[in-house]
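The structure under discussion appears below in the form of structure tokens.
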Amino acid sequence: MSRKLRIWLIFLIFLNGYVSLSFELVVLRQLSFWVGSSAVITSIIMGIFLGFMSLGYFLGSSEKIRTKNIRTILSSSFIVIALFAFLASSFPLVADYFVWLYNWGITSSVLQTFIFSFLLLSVGPFLFGFNTTLLSRLLHKYNTNYTGNIMAWDTIGSVLGSLLTTLLLMPFVGVNHTVILIISLASFAAIVTRPRWWVILLCGIILVPTVFVNSDYVQRKQFGILVNNANSTISVTKHTDGTRILYMNGLPMSVHNQRRNINAEYIDYLNGLFIYTLPTDRVYKILVLGAGGFTAGLEDARNDYTFVDIEHTLQEISEKYFLGKPLTPNKKFIVQDASQYLKNTKEKYDLILLDVYSNSFQVPEGFITAEFMQRVKSRVANDGILIMNIIASQSFRDDYSQVFDNTFHTVFPHNTQRQVIGWANPWDTNDVVNVLYVWYNREINDRIYTINKTPVIYDRYVK
């Protein structure tokens with residue numbers, strides 16, 4: 001075997017490993033907001049991915065595949081990989097997929113993930129395994145001692161695909177450009193494997209819509225996408241009445257009308273009853289976990305605000321495209337995971353707003369546990385208030401609404417309030433609305449009134 005052929009085969013093995021893991025990580029990122037990133041969801045995606053890859057390893061060793069046809073087969077495989085990478089990784093197409101499923105009544109995240117994986121994550125992984133076996137056969141044909149090298153270069157490609165995609169490409173280049181790169185590499189592999197006119201034509205047919213759908217210009221003009229990185233896809237829409245809506249990963253996160261000074265209904269409720277009514281005797285410390293569009297306390301320029309969110313572009317996007325003005329100097333923005341911030345800070349806050357459950361598509365599972373709520377509770381100052389905004393059934397029609405309520409009252413058994421925001425029909429099967437859970441850090445009085453002891457006349461007096 002010539003040195004040039006050996007380098008070419010090893011390069012294709014490396015590229016196959018790189019593209020396969022990059023593709024898997026981008027899909028996990030694009031699906032995370034719609035179905036979450038829990039162990040169950042991740043295991044479904046990885047299980048189907050690895051299962052079909054194993055099937056590709058097995059069928060690639062078939063004796064019916066003649067060595068002289070391997071170049072054509074490999075080239076065709078990379079073309080199909082590029083096609084399915086486009087379909088499974090492009091955010092607008094993924095968003096349409098979930099809209100269709102919800103319109104068809106398929107709302108289970110587990111079922112949504114299974115369907116997506118079988119439709120779009122079966123062919124690509126199968127061909128990754130298939131290609132690896134075919135390339136190995138070519139190398140073994142000339143040197144049977146290349147098994148270690150094959151495994152090493154495939155693994156090196158996977159490692160680089162993992163590190164570069166998650167640490168550099170998605171955070172700094174953008175997910176949309178990472179998708180273009182993955183599909184371009186698959187197309188390049190197809191062309192160098194079999195440089196024929198039909199290969200170039202098919203790759204071009206795939207690359208043109210890939211670049212079109214995933215370009216910054218098209219995503220901003222056609223879909224209003226301003227940011228597309230490892231954490232979020234952010235867009236802002238403006239309506240004729242002046243109302244602006246901030247979207248993250250295709251879902252509305254915040255509403256603001258500067259002309260009429262109107263925000264999302266639950267934010268206006270919080271501002272009117274809990275924030276703008278704060279006494280003026282001192283500066284109060286307010287913590288907002290889940291910054292959204294920074295509309296909580298928007299008009300308050302006196303008290304001390306700390307906004308915490310994992311998305312580093314939120315302040316810039318909100319000030320420039322959503323609010324249309326900079327935040328007042330009394331507000332600071334910290335880019336960090338909410339749980340880690342609570343773990344590291346020693347600060348106590350007079351008011352904490354937990355606004356990380358702001359959609360019904362994905363629930364951040366690490367933030368709905370009793371352990372996390374205990375961590376939040378420890379940061380509330382004496383006589384302070386904690387408010388959690390969730391999207392749930394106001395009449396407890398589903399397990400999530402009931403179990404969240406159970407969890408909340410396990411951690412906060414006393415001095416609590418549950419406030420439904422807006423109108424919802426408790427007799428309707430779909431009564432999902434904003435629900436505010438409120439805890440007041442007051443001295444606990446756990447007495448109860450009984451037929452034997454009912455000193456209510458004394459309890460009514462203000463002490």
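Out of 139, 181, 83, report the one residue that is in contact with a Lys or Arg (Cβ under 9 Å, 6 or more places away or on another chain), in a helix (DSSP H, G or I) and farther than 21 Å from residue 42 by Cα.
Details: 181 fails: in contact with a Lys or Arg (Cβ under 9 Å, 6 or more places away or on another chain); 83 fails: in contact with a Lys or Arg (Cβ under 9 Å, 6 or more places away or on another chain).
Going through 139, 181, 83 in turn, the sole match is 139.
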Here the qualifying pairs (Cβ atoms under 8 Å; residues six or more apart or on different chains; first in region 429-444 and closer than 18 Å to residue 350 by Cβ; second open to solvent by 20 Å² or more (accessible area, probe 1.4 Å) and in a loop (DSSP other than H, G, I, E, B)) come out as 439/415; 440/415; 441/415; 442/415
Screening 138, 181, 127 for residues that are out of contact with any Phe, Trp or Tyr (no Cβ under 9 Å at 6 or more places or on another chain), aliphatic (A, V, I, L, M) and at pLDDT 90 or above leaves only 181
So, first residue over 16 Å from residue 265 (Cβ atoms) in region 285-300, second residue part of a loop (DSSP other than H, G, I, E, B) and acidic (Asp, Glu), Cβ within less than 9 Å, six or more apart or across chains; the pairs are 285/347; 286/300; 287/347; 291/311
Among residues of region 249-279 being closer than 25 Å to residue 335 by Cβ and part of a strand (DSSP E or B), the residue most open to solvent (accessible area, probe 1.4 Å) is 252
The condition from (1) touching a residue at least 12 places away in the same chain (Cβ under 8 Å); (2) more than 25 Å from the chain's Cα centre (by Cα) that residue 195 misses is numbered (1)
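Give the residue that is least open to solvent (accessible area, probe 1.4 Å), with candidates limited to residues of region 201-247 that are of a type in the set (Ser, Thr, Tyr) and either assigned to a loop (DSSP other than H, G, I, E, B) or free of Cβ contacts under 8 Å to residues at least 12 places away in the same chain (or both).
Step one: filter region 201-247 for residues of a type in the set (Ser, Thr, Tyr), giving 210, 215, 217, 232-233, 235, 237, 240, 243, 247.
Okay, now just the ones that are also either assigned to a loop (DSSP other than H, G, I, E, B) or free of Cβ contacts under 8 Å to residues at least 12 places away in the same chain (or both), so 215, 217, 232, 240.
Numbers: 215: 25, 217: 156, 232: 5, 240: 142 Å².
Among residues in region 201-247 that are of a type in the set (Ser, Thr, Tyr) and either assigned to a loop (DSSP other than H, G, I, E, B) or free of Cβ contacts under 8 Å to residues at least 12 places away in the same chain (or both), the one least open to solvent (accessible area, probe 1.4 Å) is 232.
Have a look at 408, 396 and point out the one that is in a loop (DSSP other than H, G, I, E, B), without any contact (Cβ under 8 Å) to a residue 60 or more places away in the chain and either surrounded by 13 or more Cβ atoms within 10 Å (Cβ to Cβ) or small (Gly, Ala, Ser) (or both). Working first, answer last.
Values: 408 fails: in a loop (DSSP other than H, G, I, E, B).
Answer to the selection: 396.
For region 427-457, how many residues meet the condition of being over 31 Å from the mean Cα position of the chain (by Cα) and either modelled with pLDDT under 90 or not aromatic (Phe, Trp, Tyr) (or both)?
Filtering region 427-457 for residues over 31 Å from the mean Cα position of the chain (by Cα) gives 427, 440-457.
Remaining after also requiring either modelled with pLDDT under 90 or not aromatic (Phe, Trp, Tyr) (or both): 441-457.
So the answer is 17.
Out of region 411-455, which residues are more than 23 Å from residue 385 (Cα to Cα), open to solvent by 50 Å² or more (accessible area, probe 1.4 Å) and not aromatic (Phe, Trp, Tyr)? Spell out the reasoning first.
Kept after step one, since they are more than 23 Å from residue 385 (Cα to Cα), are these residues of region 411-455: 423-432, 448-455.
If we keep only those that are open to solvent by 50 Å² or more (accessible area, probe 1.4 Å) too, we end up with 423, 425-430, 432, 448-454.
Result: 425, 426, 428, 429, 430, 432, 448, 450, 451, 452, 453, 454.
Residue-by-condition table, conditions (1) out of contact with any strand residue (DSSP E or B) (no Cβ under 7 Å at 6 or more places or on another chain); (2) polar (S, T, N, Q):
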| site | (1), (2) |
| --- | --- |
| 304 | no, no |
| 350 | no, no |
| 357 | no, no |
| 371 | yes, no |
| 382 | yes, yes |
| 385 | no, no |
| 395 | yes, yes |
| 402 | yes, yes |
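I'd like to check something: does region 382-393 contain any residue that is open to solvent by less than 70 Å² (accessible area, probe 1.4 Å), modelled with pLDDT of 90 or more, out of contact with any His (no Cβ under 9 Å at 6 or more places or on another chain) and in a loop (DSSP other than H, G, I, E, B)? I'd like the intermediate steps shown before the answer.
Looking only at region 382-393, we keep the residues that are open to solvent by less than 70 Å² (accessible area, probe 1.4 Å), and these are 384-393.
Those still in the list that are modelled with pLDDT of 90 or more too: 384-393.
Now drop any that are not out of contact with any His (no Cβ under 9 Å at 6 or more places or on another chain), which leaves 384-393.
Filter once more, keeping what is in a loop (DSSP other than H, G, I, E, B): none.
Scanning region 382-393, I find no residue that is open to solvent by less than 70 Å² (accessible area, probe 1.4 Å), modelled with pLDDT of 90 or more, out of contact with any His (no Cβ under 9 Å at 6 or more places or on another chain) and in a loop (DSSP other than H, G, I, E, B), so the answer is no.
Take the residues of region 48-72 that are in a loop (DSSP other than H, G, I, E, B) and open to solvent by 60 Å² or more (accessible area, probe 1.4 Å): which is modelled with the highest pLDDT? Spell out how you get there, then give the answer.
Narrowing region 48-72 to residues in a loop (DSSP other than H, G, I, E, B): 60-66.
Filter again for open to solvent by 60 Å² or more (accessible area, probe 1.4 Å), leaving 61, 63-64, 66.
Numbers: 61: 80, 63: 74, 64: 76, 66: 68.
Only one residue fits best here, namely 61.
If I ask for residues that are part of a loop (DSSP other than H, G, I, E, B) and either of a type outside the set (A, V, I, L, M, F, W, C) or more than 13 Å from residue 349 (Cβ to Cβ) (or both), which ones from region 280-295 would you list?
Of everything in region 280-295, those that are part of a loop (DSSP other than H, G, I, E, B) and either of a type outside the set (A, V, I, L, M, F, W, C) or more than 13 Å from residue 349 (Cβ to Cβ) (or both) turn out to be 280, 281, 282, 284, 290, 291, 292, 293, 294, 295.
The values are calculated or read from the model by the stated rules, or taken from the named source; none is laboratory data. Predicted, not measured: the structure shown is a model, and the values here were computed from it. When we count neighbours, we look across all protein chains shown, and the Cβ atoms used for this are built from the backbone with ideal geometry, even at glycine. Each accessible area value is taken on the protein alone, full model and side chains, heavy atoms only, with ligands, DNA and RNA left out. Shrake-Rupley method; radii C 1.70, N 1.55, O 1.52, S 1.80 Å.
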